[in-house]
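The structure appears below as structure tokens.
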Amino acid sequence: MDKSKVIDHIVEWLKTYATNAGVNGFVIGVSGGIDSALTSTLCAKTGLKTLCLEMPIHQHENQVTRAQEHISQLKDQFSNVSSERVDLTPVFESFKNQVPNVAESDTLFLSLANTRARLRMSTLYYFAGLHGLLVAGTGNKVEDFGVGFYTKYGDGGVDLSPIADLMKSEVFALAAEVGVPTAIQNAAPTDGLFGDSRSDEDQLGASYDELEWAMHQQDQGKSPDDFDGRNREVYEIYLRLNRANQHKMNPIPVCEIPLDLK
């Protein structure tokens, strides 16, 4: 991969799309992770207004620190970058107090995690509407089109996806090229939706390198029976997640009414 040319290509794509859409720039939720750090840097490089939004909800301290370091670095480098911090913790707690109490379970914890992502999506679109901005997505190819590791109408609710054709390894390579802070490059990837230090690998059961490998095997039409040991385990994890999350990757199904019924 020619990193500098890929960076230039994405930056030009962003600039052209925003210009054609008649908007002022972009708003990005910055989490302290590698994907949002790269996306916000690419948006900043367009020269268009780039608003970095912090939206903590019971956030782990090291995630907050990384996000703030990155935003400060961007603001020092680019005059078109600004930032806002919206503490959504009280909003989240108020929501929890208004819905019926249910017994603690994995289903409850996942539902609340997805609620965090959807509160953030609403906040991003609030600022997008105020300032005439597009919400820039931060999903990469493995997450968006491999295992569907994002929240429907949460972090999946965006206007455009500048890094969704990049594998996670390519995201890391470009992040290093554009000078994303080392602390972010070295941090274990996490969605930060559970208020603790669990990583994406803890949730998925496989690393991004393993999932990239599995995605390539799917492209080649391989079967789990073609592998054994850890490779088979990883491929089965990937295929299970890929099947379960097709509802995120495919267009919303529309019930078409036959003409003779209209």
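Every residue, every condition in (1) closer than 20 Å to MET121 by Cβ; (2) without any contact (Cβ under 8 Å) to a residue 12 or more places away in the chain, yes or no:
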{"site": "ALA21", "(1), (2)": "yes, no"}
{"site": "GLY32", "(1), (2)": "yes, no"}
{"site": "ALA37", "(1), (2)": "yes, no"}
{"site": "LEU51", "(1), (2)": "yes, no"}
{"site": "GLU54", "(1), (2)": "yes, no"}
{"site": "GLN73", "(1), (2)": "no, no"}
{"site": "ASP76", "(1), (2)": "no, yes"}
{"site": "SER79", "(1), (2)": "no, yes"}
{"site": "ASP87", "(1), (2)": "yes, no"}
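For region 158-170, the candidate set comprises residues that are hydrophobic (A, V, I, L, M, F, W, C) and over 19 Å from ALA113 (Cβ atoms); within that set, the residue that is surrounded by the fewest Cβ atoms within 10 Å (Cβ to Cβ) is LEU160. With respect to the conditions (1) under 25 Å from PHE172 (Cα atoms); (2) among the hydroxyl-bearing types (Ser, Thr, Tyr); (3) free of Cβ contacts under 8 Å to residues at least 40 places away in the same chain, SER223 lacks only one, and its number is (1). Of everything in region 171-211 that is among the acidic types (Asp, Glu), assigned to a helix (DSSP H, G or I) and surrounded by 19 or more Cβ atoms within 10 Å (Cβ to Cβ), the residue that is modelled with the highest pLDDT is GLU210.
So if I check each of VAL27, VAL6, which one is within 16 Å of ARG120 (Cα to Cα), of a type in the set (Val, Ile, Thr) and either at pLDDT 95 or above or not in a helix (DSSP H, G or I) (or both)?
On the way: VAL6 fails: within 16 Å of ARG120 (Cα to Cα).
Exactly one residue qualifies, and that residue is VAL27.
Give the residue, chosen from ILE257, ILE252, that is farther than 29 Å from THR41 by Cβ, in a loop (DSSP other than H, G, I, E, B) and at pLDDT 95 or above. I'd like the intermediate steps shown before the answer.
Numbers: ILE252 fails: at pLDDT 95 or above.
Exactly one of ILE257, ILE252 is farther than 29 Å from THR41 by Cβ, in a loop (DSSP other than H, G, I, E, B) and at pLDDT 95 or above, namely ILE257.
Would you check which residues across region 219-246 are exposed (fewer than 15 other Cβ atoms within 10 Å of the Cβ) and part of a helix (DSSP H, G or I) and list them? Listed by number, the residues that qualify are ASP219, ASP225, ASP226, GLY229, ARG230, ARG232, ARG240, ARG243, ALA244, GLN246.
Starting from residues that are hydrophobic (A, V, I, L, M, F, W, C) and assigned to a loop (DSSP other than H, G, I, E, B), keep the ones in region 74-93 and report whichever is farthest from LEU48 (Cα to Cα).
We begin by selecting, within region 74-93, every residue hydrophobic (A, V, I, L, M, F, W, C); these are 74, 78, 81, 86, 88, 91-92.
Next cut, assigned to a loop (DSSP other than H, G, I, E, B) only: 78, 86, 88.
Working: PHE78: 10, VAL86: 22, LEU88: 27 Å.
Here the residue is LEU88.
If you check LYS45, LYS49, LYS15 for being in the same structural domain as SER161 (by TED's automatic domain parsing), surrounded by fewer than 23 Cβ atoms within 10 Å (Cβ to Cβ) and touching a Ser or Thr at 6+ places or on another chain (Cβ under 6 Å), only one passes: LYS15. Residues that are part of a loop (DSSP other than H, G, I, E, B) and surrounded by 12 or more Cβ atoms within 10 Å (Cβ to Cβ) within region 94-133 comprise just one, GLY132.
Please verify whether SER199 is polar (S, T, N, Q) and either under 15 Å from the mean Cα position of the chain (by Cα) or assigned by TED's automatic domain parsing to the domain that holds ASP144 (or both), treating the condition exactly as stated.
On the way: polar (S, T, N, Q): yes; either under 15 Å from the mean Cα position of the chain (by Cα) or assigned by TED's automatic domain parsing to the domain that holds ASP144 (or both): yes.
Here the answer is yes, as SER199 does meet what is asked.
In this entry, ALA136 passes the filter for residues that are in contact (Cβ under 8 Å) with a residue 12 or more places away in the chain and surrounded by 22 or more Cβ atoms within 10 Å (Cβ to Cβ). Per the conditions (1) over 19 Å from LEU42 (Cβ atoms); (2) small (Gly, Ala, Ser); (3) touching a helix residue (DSSP H, G or I) at 6+ places or on another chain (Cβ under 8 Å); (4) not assigned by TED's automatic domain parsing to the domain that holds TYR235, the sole criterion not satisfied by SER122 is (3).
The values are calculated or read from the model by the stated rules, or taken from the named source; none is laboratory data. Worth saying up front: this structure is predicted, and the values here are computed from it rather than measured. Don't worry about glycine lacking a Cβ; one is built from the backbone with ideal geometry, like all the others, and counts go over all protein chains shown.
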